[in-house]
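Worksheet: one structure, shown below.
The values are calculated or read from the model by the stated rules, or taken from the named source; none is laboratory data. Predicted model, so just to flag it, every value in this text is computed and none were measured. Neighbour counts are summed over all protein chains in view; Cβ atoms, including those assigned to glycine, are modelled from backbone coordinates with ideal geometry.
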Ligand SMILES: [Mg+2]
């Protein structure tokens, strides 16, 4: 039996996007994120999956170890808030700025849907009934390419007239209202 999931971008959705964040003292949770995840997990009984481009690794700004340490710290914080994250996927590659083996046009890098498709396979997810929340059009495009039914963009950054259809929410509490209204 397949189940839906809530997919979240990280930088700009979970934490303030200060640019290539890799230490916990740079990691500023955005107001409303714990309520949103609690509703998905405890209200909808959906797993919450993070899908994050992390080209800072490929660019050599920080390494996989630092990223892994921060991810464990982040997940511990969510656990402590009774808002557990089921799985975190990241893509360290960049087609132009990646160094060495990280210079690759990787199918996991959003706007490509690779991370989402991998999660669907790993967790047996129903993507048509799933939702994705991001702050960039690449999040929306990846969600659309994967067949995610509800796509919500936070804020007004990155608007384009030719954009894939999606909903726009001013902030995370508004995104939670949308999710509440649109999920079964
Ligand atoms: Mg983002």
Kindly indicate whether any position in region 150-170 is out of contact with any strand residue (DSSP E or B) (no Cβ under 6 Å at 6 or more places or on another chain), part of a loop (DSSP other than H, G, I, E, B) and modelled with pLDDT of 95 or more. no
Residues in region 9-17: is at least one more than 15 Å from the ligand (Cβ to nearest atom), crowded, with 17+ Cβ neighbours inside 10 Å and at pLDDT 95 or above? no
Would you pick out the residues in region 71-83 that are surrounded by fewer than 16 Cβ atoms within 10 Å (Cβ to Cβ) and either touching a residue at least 40 places away in the same chain (Cβ under 8 Å) or farther than 22 Å from residue 55 by Cα (or both)? 73, 76, 79, 80, 81, 82
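Would you mind stating whether residue 58 is surrounded by fewer than 20 Cβ atoms within 10 Å (Cβ to Cβ) and over 14 Å from the mean Cα position of the chain (by Cα)?
So residue 58 does not fit the description; no.
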When the residues of region 87-105 are narrowed to those that are touching a helix residue (DSSP H, G or I) at 6+ places or on another chain (Cβ under 7 Å) and assigned to a loop (DSSP other than H, G, I, E, B), which ends up surrounded by the most Cβ atoms within 10 Å (Cβ to Cβ)? 92
Just to verify a result, which residue in region 18-36, among those that are in a helix (DSSP H, G or I), within 16 Å of the ligand (Cβ to nearest atom) and in contact with a helix residue (DSSP H, G or I) (Cβ under 8 Å, 6 or more places away or on another chain), is farthest from residue 74 (Cα to Cα)? 36
Among the residues of region 120-137, is there at least one that is within 15 Å of the ligand (Cβ to nearest atom) and assigned to a helix (DSSP H, G or I)? yes
If you scan region 57-68, which residues turn out to be touching a helix residue (DSSP H, G or I) at 6+ places or on another chain (Cβ under 8 Å), in a helix (DSSP H, G or I) and within 13 Å of residue 21 (Cβ to Cβ)? 57, 67
